[in-house]
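Comments concern the structure below.
The values are calculated or read from the model by the stated rules, or taken from the named source; none is laboratory data. The model shown is predicted, which means the values in this text are computed figures rather than measured ones. Because the Cβ atoms are built from the backbone with ideal geometry, glycine has one as well, and the counts that use them run over all protein chains shown. These accessible areas exclude ligands, DNA and RNA; they are computed on the full protein's heavy atoms, side chains included. Shrake-Rupley method; radii C 1.70, N 1.55, O 1.52, S 1.80 Å.
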Amino acid sequence: QSALTQPASVSGSPGQSITISCTGTSSDVGAYKYVSWYQQHPGKAPKLMLYEVSNRPSGVSNRFSGSKSGNTASLTISGLQAEDEADYYCASYTTTSTWVFGGGTKVTVL
Amino acid sequence: EIQLVESGGTLVQPGGSLRLSCAVSGFIFSDYWMHWVRQAPGKGLVWVARINLDGSTTNYADSVKGRFTISRDNAKNTLYLEMNSLRAEDTAVYFCAKGRTGGFGDYWGQGTLVTVSS
């Protein structure tokens with residue numbers, strides 16, 4: 001159950017697009033479509049942004065999109081806004097019927 | 001309105017035990033898997049455990065397997081996490097999260113802090 005690999009930080013200017021990668025193995029990300037992404041602001045509970053790779057829960061902006069290729073999933077934020085500055089975590093279901101998170105990525109809006 | 005409210009976090013000595021609770025409202029508790037997730041101070045999220053609708057199926061992270069037990073009382077709309085043989089590395093904010101089709105975490109509690117220290 002090793003953590004998924006995410007870049008420690010990603011930054012962009014307002015209006016730009018950024019992409020966060022989430023690399024796992026054939027036992028997690030590569031095995032299923034069950035990859036989720038969460039946003040967490042300091043001192044707050046996480047918020048579900050995407051589930052099943054690319055599905056947005058009700059109320060989540062369509063500026064957030066997801067994809068997956070092989071053992072790597074990606075979250076793209078388009079039209080970056082100041083409120084998007086937060087930590088982002090991916091999570092994947094695994095072949096051992098557990099879930100595993102990535103280490104997290106700090107997004108900075110320049 | 002859906003609410004998840006954790007309780008039970010406190011300071012406990014290494015080797016000690018603790019039971020966390022997560023009281024839910026606003027949805028049919030018995031219709032959903034439930035999860036526990038923790039976050040050590042200044043660190044990332046770590047998935048801990050999950051339980052199915054009637055409590056007959058549970059899964060755990062390797063780091064807590066054999067020490068932690070997840071359970072639920074559908075009559076009381078409450079999720080539990082029994083933690084034994086606690087270690088310093090178990091120090092974290094513990095969140096409960098609602099399961100959903102294809103994943104989990106469409107709703108979260110506010111978290112409860114467990115500190116393991118002598």
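Brief remarks on what is shown
- Rounded to 5, the percent of DSSP beta bridges in the protein assembly as shown classed as antiparallel: 90
- Average partner coverage of A:100-108, which counts Cβ from other chains inside 10 Å: 2
- Distance between region A:20-99 and region B:38-93 - C-alpha centres, whole angstrom: 22
- Look at the stretch A:44-55: the mean tally of other chain Cβ atoms within 10 Å of its residues' Cβ atoms is 5.
- Basic side chains Lys and Arg get +1 at the Cβ, acidic Asp and Glu get -1 at the Cβ, and with that the dipole of the protein assembly as shown about its Cα centre reaches some 140 debye.
- Contact surface A-B: accessible area buried, both sides summed, square angstrom, 1.4 angstrom probe: 1700
- Taking 0.36 nm per residue of separation and subtracting the Cα-Cα distance, full extension of the segment from B:Leu113 to B:Gln13 would add 34.6 nm.
- When only Cα pairs below 8 angstrom with a gap of at least 6 residues are kept, chain B shows a relative contact order of 36 percent.
- Relative contact order, percent, region A:50-110 [alpha-carbon distance under 8 Å, six or more residues apart]: 22
- Mean Cα-pair separation over length for region A:1-67, i.e. relative contact order, pairs under 8 Å, 6 or more apart, %: 18
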